[in-house]
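Only one structure is covered here, and it is reproduced in the block below.
Read-outs: derived from the displayed coordinates by stated rules, not from any lab. Predicted model, so just to flag it, every value in this text is computed and none were measured. When we count neighbours, we look across all protein chains shown, and the Cβ atoms used for this are built from the backbone with ideal geometry, even at glycine.
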Amino acid sequence: MARGYFVTLEGIEGSGKSTQAHLLVERLREHGTAVVALREPGGTPIGEGIRGILLDRDHEMMTPETEALLYAAARAQMVQEQLAPALAKGEVVVCDRFVDSSVAYQCFGRGLAREFVHEINHWATRATIPDLTVLLDVTVEVGLARATRTACDRIESEGLEFHERVRQGYLAVARDEPDRVVVMDASGPPDAVADRVHSVVLERLRQQRAGAGD
Ligand code: TMP
């Protein structure tokens with residue numbers, strides 16, 4: 001059976017990632033594609049429970065190592081419960097964040113070693129790598145101005161320098177893996193960004209299907 005297609009959306013706070021994930025799923029479904037929508041941390045009841053622990057502002061004492069392991073734990077559950085079965089059925093999966101978030105936030109933001117974060121995630125995901133990652137890039141000033149929620153969670157409430165390191169981390173991942181990671185300027189109106197995201201995904205899906213037919 002054909003393997004499905006795994007798309008992830010990444011970006012800093014206020015990059016519009018969740019809105020774009022939603023719009024992408026809507027557009028793909030309108031075009032008759034079966035899509036599974038997931039988000040991280042979460043996507044499963046266990047993952048949503050872990051999300052609550054991770055984002056709780058009372059958990060200021062959480063160490064970077066605990067944080068990285070909890071993100072990887074939620075991810076392990078999501079991969080085995082949702083992602084792997086959907087891909088095995090040949091479905092398209094759109095996931096709001098994946099391992100690149102751990103590289104950007106836990107390595108570049110918190111300062112953990114990339115080898116450590118890669119190793120635990122390689123194990124947790126059984127070496128699952130997205131087929132395509134769209135990095136929605138905005139400056140930290142634009143992103144944080146957009147993230148208007150009054151009650152910030154534990155990670156959102158980090159300072160500007162933290163979020164700048166996260167953005168630079170994402171851009172470094174994109175430079176390392178230019179075939180997988182497409183960087184998109186996400187500062188414009190959501191519908192215009194959604195048009196560009198949709199056309200990149202459609203083009204890659206066409207390429208995958210053409211390759212499968214060779
Ligand atoms: P969200 O706001 O996109 O739902 O993501 C929740 C927060 O968790 C966000 O501040 C980014 C952070 N995060 C990490 O630090 N590492 C990770 O691996 C993931 C998936 C999210």
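Observations on the structure shown:
- First in region 107-123 and within 10 Å of residue 72 (Cβ to Cβ) and in a helix (DSSP H, G or I), second anywhere and within 13 Å of the ligand (Cβ to nearest atom) and of a type in the set (Gly, Ala, Ser), Cβ under 7 Å, 6 or more apart: 117/68; 117/102; 120/68; 120/72; 121/72; 121/102
- Elements of type helices (runs of 4 or more DSSP H) contained in region 1-104, each with 1 or more residues being aromatic (Phe, Trp, Tyr) and within 22 Å of residue 171 (Cβ to Cβ): 64-78
- Taken together, the residues in region 41-66 that are among the polar types (S, T, N, Q) and near the ligand (Cβ under 10 Å from one of its atoms) amount to 0.
- Some residue of region 49-62 being within 19 Å of residue 95 (Cα to Cα), under 15 Å from the mean Cα position of the chain (by Cα) and touching a residue at least 24 places away in the same chain (Cβ under 8 Å): no
Residues are listed down the side, and each one gets a yes or a no for (1) surrounded by 19 or more Cβ atoms within 10 Å (Cβ to Cβ); (2) of a type in the set (D, E, K, R):
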| site | (1), (2) |
| --- | --- |
| 134 | yes, no |
| 137 | yes, yes |
| 142 | no, no |
| 160 | no, no |
| 177 | no, yes |
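- Count of region 155-176 residues which are charged (D, E, K, R), assigned to a loop (DSSP other than H, G, I, E, B) and either more than 9 Å from the ligand (Cβ to nearest atom) or over 12 Å from residue 110 (Cβ atoms) (or both): 1
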